[in-house]
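The values are calculated or read from the model by the stated rules, or taken from the named source; none is laboratory data. Fair warning: this is a prediction, and the values are worked out from it, not measured in the lab. Methodologically, a virtual Cβ is constructed for each residue, glycine included, from the backbone with ideal geometry; neighbour enumeration extends over all protein chains shown. Note: accessible area is taken over every heavy atom of the protein model, side chains too, but ligands, DNA and RNA are not part of it. Shrake-Rupley method; radii C 1.70, N 1.55, O 1.52, S 1.80 Å.
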Amino acid sequence: MRVIPISGLILSACLFASQASAQVLQAAAGKLTSYDVHEGALPDFANAKPLPLPMSRNAPPSQRDGILNAPNLRHLFGAAKSLQGATGSGESNPVRLFAPRENRNAAAPDADIVPNQFGTQNHPFTTSLVNASGDNTVNFYPYRAAGKLFFKIGTGSFVCSASMVQHGLAVTAAHCVANYGAKQFYSAWQFVPAYQNGSAPFGTWTVAKVWILTAYYAGTDNCFQAGVICPDDVAILVLKPNGVKKYAGDYTGYFGVGWNGYSFNGSAQALISQLGYPVALNGGSVMERNDSQGFTNAGMSNNTIIGSLMTGGSSGGPWLVNLGMTPSYGCDSGGCTVKGTGSQHNTVVGVTSWGYLATAGFYRSMQQGAAPFTSGNVCALINSACFNPRTGRKAACNITSPLAC
């Protein structure tokens with residue numbers, strides 16, 4: 001019996017259901033791998049465990065050092081590009097997955113004034129509930145485009161986070177769909193947008209197909225730390241439509257996507273807003289938001305690094321630039337307001353890939369990393385998920401022609 005360590009989780013190869021070769025296909029001259037998902041038993045929504053967050057053995061650089069040694073993203077990746085998102089209709093279809101649990105949605109008031117959170121690497125961040133006091137903010141765009149991802153590894157049920165990027169496509173981390181280098185996919189993914197303490201306000205959505213980079217699937221990705229800090233820890237999920245041939249994103253809306261350093265400045269920095277369901281915060285029952293200045297580190301597979309309090313369960317959650325609704329632009333006595341560079345709102349530029357355990361004995365990450373979104377990964381994955389060379393555009397996609405990666 002072969003035993004495979006996966007990000008701190010020990011799994012036996014015998015736990016994986018057999019995956020017929022007909023289910024696993026390669027495209028783009030073998031650079032991309034897809035998996036056709038067969039129907040099976042659903043995950044245990046009530047008792048699913050967080051997929052352990054892959055943990056770095058090496059301390060990321062401090063924010064100061066990262067900025068001083070910033071790479072030139074245009075030289076690394078080419079011209080920055082993006083794909084526009086959409087707000088969706090907002091029509092709900094509430095489903096109760098299990099009885100709500102007590103005291104998961106309340107944040108205790110601060111007893112005292114406390115220092116800002118920044119961790120041992122002095123990387124400032126703020127982690128808070130998405131929901132405003134007395135309101136389910138998560139049910140409104142842009143937040144409702146993100147959600148909780150349930151799936152199975154063998155007979156066990158696990159959770160990650162994910163978000164919509166076309167009306168029928170979601171993005172998550174590759175480590176939430178496959179065992180790095182083992183050529184084994186997990187199974188039974190169910191995406192629950194705007195998940196809230198056992199409730200699915202926009203229903204549950206079955207994943208029909210997953211796409212990842214073949215290098216990640218085969219274990220040949222150019223990782224700084226194998227299976228943890230990699231350049232291609234990203235996956236695209238193709239969802240099934242409902243009975244009226246609509247997709248989750250028709251209701252929730254979906255985020256835009258940016259790649260090749262979209263919205264990063266010349267010092268390889270961007271203000272990142274991270275969404276996800278870390279189980280160490282509120283039991284993973286509600287969506288959390290984290291805001292931090294991110295920087296790209298060339299030595300760590302060109303991953304972006306932020307300060308964050310999120311933990312297991314946040315894997316695959318979106319890292320966004322310009323989160324929120326676009327303001328209207330006007331003029332005053334000082335002149336007219338104009339948009340800055342890389343100003344497209346609600347644009348995903350990465351997903352949670354790994355964390356760094358700054359304090360021994362505590363499962364708490366004060367820094368996290370995300371694989372870069374590039375022409376060769378997220379853009380190529382969306383194109384392969386959306387277009388068949390023989391039959392053309394697929395129904396799960398809104399774009400009418402392949403992206404110019």
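Normalised by the empirical 2.2 N^0.38 Å for globular proteins, what value does the Cα Rg of the range 238-376 take? Show your work: numbers first, answer last.
Numbers: Rg = 17.3 Å, N = 139, 2.2 N^0.38 = 14.3 Å.
Taking N as the residue count of the range 238-376, the ratio is 1.20.
Is the range 161-268 rounded, prolate or oblate when judged by the Cα gyration tensor, a ≥ b ≥ c being the square roots of its eigenvalues, rounded requiring a/c under 1.5 and prolate requiring a/b larger than b/c? Oblate shape, in that a/c is at least 1.5 and b/c is the bigger or equal ratio. Does the range 307-398 classify as rounded, prolate or oblate by the C-alpha gyration tensor (a ≥ b ≥ c root eigenvalues; a/c under 1.5 gives rounded; else a/b over b/c gives prolate, otherwise oblate)? Cα axes put the range 307-398 in the oblate bin. Placing V286, V338 in order of accessible area, with the largest value first and a 1.4 Å probe, yields V338, V286. Between N388 and S401, the simple spin-label model (points 7 angstrom out along Cα→Cβ) gives 2.2 nm. Binning the C-alpha pair distances of the chain at 20 Å intervals from 0 yields a P(r) profile of 29, 61, 9, 0 %, listed from the shortest bin outward.
Normalised by the residues of the chain, what does the relative contact order come to in percent, with Cα pairs under 8 Å and at least six apart?
Values: 1068 pairs, mean separation 91.2, N = 405.
Rounded, it is 23 percent for the chain.
Please tell me which of these pairs span more than 26 angstrom C-alpha to C-alpha: K148/K394; K152/K183; K49/K246; K31/K245? Provide the component values of the computation, followed by the final result.
Numbers: K148/K394 24 Å; K152/K183 16 Å; K49/K246 30 Å; K31/K245 31 Å.
Listed pairs above 26 Å: K49/K246; K31/K245.
What a 1.4 Å probe finds exposed on the chain is 52% carbon and sulfur by accessible area, rounded to a whole percent. Amide hydrogen proximity for M366: with H placed 1.01 Å from N in the peptide plane, the residues at 5 or more positions away or on another chain lying under 5 Å are Y356, A358. For the range 214-225, 3J(HN,Hα) computed residue by residue from phi via the Karplus equation (6.51, -1.76, 1.60; θ = phi - 60°) reads 4, 4, 6, 4, 8, x, 10, 5, 7, 8, 5, 10 Hz, glycine and proline entered as x.
How large is the charge dipole for the chain, taken about the Cα centre, if only the Cβ atoms of Lys, Arg (+1) and Asp, Glu (-1) carry charge, to the nearest 20 debye?
Details: 24 positive and 16 negative charges, 183 e Å.
Dipole magnitude for the chain comes out near 880 debye.
The H on the amide N of G317, modeled in the peptide plane, is under 5 Å from the matching H of S161, T352, each at least 5 residues off or on a different chain.
Largest GNM mean-square fluctuation among N197, N131, N93, using the chain with Cα springs under 10 Å: N93.
Solvent-accessible surface of the chain, averaged per residue with a 1.4 angstrom probe and all protein chains in place: 41 square angstrom.
Listed by chain and number, the lysines placed with their C-alpha closer than 21 angstrom to that of K339 are K81; residues fewer than eight positions away on the same chain are left out. Residues in the range 367-382 carry Karplus couplings, in order, of 9, 9, x, 9, 4, x, 7, 9, 4, x, 10, 4, 5, 5, 5, 4 Hz; the curve used is 6.51 cos²θ - 1.76 cosθ + 1.60 with θ = phi - 60°, and Gly or Pro positions show x.
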